[in-house]
Amino acid sequence: MKLLPFILISILFTGISLRSDAQPALVSKESADVNEILQQTYSKLKDIKTLQYETFRYINYKSQDYENKLLGVVFVEFDEAIPIVGFRYQFDNEVSKVVFNGSGKFWIDKKNASMESLQAAALKKEKLQQDLNAASFFYNSILSLRNVIPHILTDTSIKKRLGDTLIDSRSYHKVLLEMKSKSFTVNEGLKQLTADIRIYNQILIDKVSYLPYQVVQSNNFEPEDYVLVKFDQIKINGPQIEENSWFASSYPGLQIKGKEDLQLIAAGANAPAFELEDFQTGKMVTMSDFKDDLVLLEFWVKNCSYCISAVPKMNSMVAKYEQKGLKVWGINSEDNKSQLNNFYERNKPTFSTLMDQDGKITKAYGVNGVPQVVLIHQGKVIYAGGIVDGKLDALIQKLLKK
């Protein structure tokens, strides 16, 4: 699924600009020393009842010519009675407010004075965890650290180093973690990645409070890409926020919009028709052109690390099966031609991509996360889901023999 990339390890963040007052040379120490620092931080976080802080997240994907900033206030209230996740939360900034109250979730668009909601019936376990990990304000957050530190402490495959740094005359422990094909999640420990990639996390921890100050993440795949997350004004077990703020009914006067819970198209369904432009040739391509063929569609977007790592797999499908009759197309509902050209120049897909500029075809196929593939034979959906090694090959080989 769509996931964020990472960081230039030497960069430290102060204020809204990227800088550091001092960056002493990193001193290598035993993993036991790193574990001791992380254990102190975990002890501060593990039994808290409420957590509030200001967060600043800065994404810089130089490889994709993309930058994004997010600033807001996070409030989390831990409650074991809340199923699956064990907490409720709010995120609030100048343009939006997001509330999950344990039984439902709603979004407020302050600019357009509107609200969308999703009720408990749609928040099944897998869906809720996916939704939580997709919440950009929780990416490499304090909540995420509270979740992953116990796993980091016991995982001997993670390389750990410890140093010190000063920012605005305040002293911090600098913890460096190198993880092979693993990444942080919000509430499910460390996620094993299919790509052969090294993830680098730099965590700054206040030497007095042992609370985290900043997390910066990068990787060896695109070493100039990074994501920086900073925490400020941290309040642990502080005052409760207004109880009425947890309920959508407490926000009158907003235009209510329905939040669609898209379900990926099922095997056996008729493949929705489409007419979309090939971004490279400008020609219109229709589903009816391939009514008697075997077709593999990949839904993807540019700023998605999983989509990048999927390119070799999709290229392999083209190399193995295109001459035997398989038609392979990408479908992109987010990026313009310039952005698509940038992706193709860097990542070298060997399949063509169609532009779903209004998102209607992506919606018609029920796609709400990327990458997703749909295998179609003679107009019928055979498979829809992730790019599962071996499974797609077996299906394609079987169908090409018919």
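Computed from the coordinates by the stated procedures, all read-outs in this text should not be read as laboratory data. Just so you know, these numbers come straight off a predicted model, no measurement behind them. Neighbour counts are summed over all protein chains in view; Cβ atoms, including those assigned to glycine, are modelled from backbone coordinates with ideal geometry.
Table for the structure above
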quantity	calculated
Leu264 paired with Asp293, simple spin-label distance in nm, labels 7 Å along Cα-to-beta-carbon	2.3 nm
Value of relative contact order over segment 275-400, rounded to a whole percent, pairs C-alpha under 8 Å and six or more apart	34 percent
Candidates Gln372, Gln255, Gln214, ranked by Gaussian network fluctuation over the chain, Cα under 10 Å, top entry	Gln255
Sequence ranges 88-100, 294-306, ranked by mean other-Cβ count within 10 angstrom, highest first	294-306, 88-100
Alpha-carbon centroid distance for the pair segment 124-155 / segment 159-206, whole angstrom	14 Å
Ellipticity estimate at 222 nm from DSSP helix runs (n ≥ 4, -39,500 (n - 2.57)) divided over the chain, nearest 500	-6000 deg cm²/dmol
Greater than 32 Å apart at Cα, pairs in Lys182/Lys360; Lys111/Lys207; Lys69/Lys235; Lys62/Lys105; Lys46/Lys180	Lys182/Lys360; Lys111/Lys207; Lys62/Lys105
Ranked by how many other beta carbons lie within 10 Å on average, peptides 204-210, 321-327, 175-181 from highest	175-181, 204-210, 321-327
Distance between modelled label sites at Ser117 and Ala364, nm, 7 Å Cα→Cβ extension	3.2 nm
Full-extension gain in nm, Tyr251 to Asp168, via 0.36 nm per residue minus C-alpha separation	25.9 nm
Among [x] 32, 27, 24; [y] 39, 27, 19; [z] 40, 23, 22, the entry derived from the coordinates for semi-axes √(5λ) of the Cα gyration tensor in Å	[y]
Residue (of Val373, Gln240, Ser316) at the positive-pole extreme of the chain, dipole from beta-carbon charges	Ser316
Under the span-like rule (Cα at least 18 Å along the axis, Kyte-Doolittle mean at least 1.0), DSSP H helices of the chain	142-154
Karplus 3J(HN,Hα) series, Hz, for segment 212-221 with 6.51 cos²θ - 1.76 cosθ + 1.60 (x for Gly, Pro)	x, 10, 7, 10, 10, 10, 9, 8, 7, 6
Local net charge near Ser157, Cβ-Cβ under 11 Å (Lys/Arg +1, Asp/Glu -1)	+2
The chain: relative contact order as a whole-number percent, Cα under 8 Å and 6+ apart	19 percent
For segment 13-258, size of Cβ-based charge dipole, Lys and Arg +1, Asp and Glu -1, in debye	200 debye
For segment 234-373: rounded, prolate or oblate by the Cα gyration tensor [a/c cutoff 1.5]	prolate
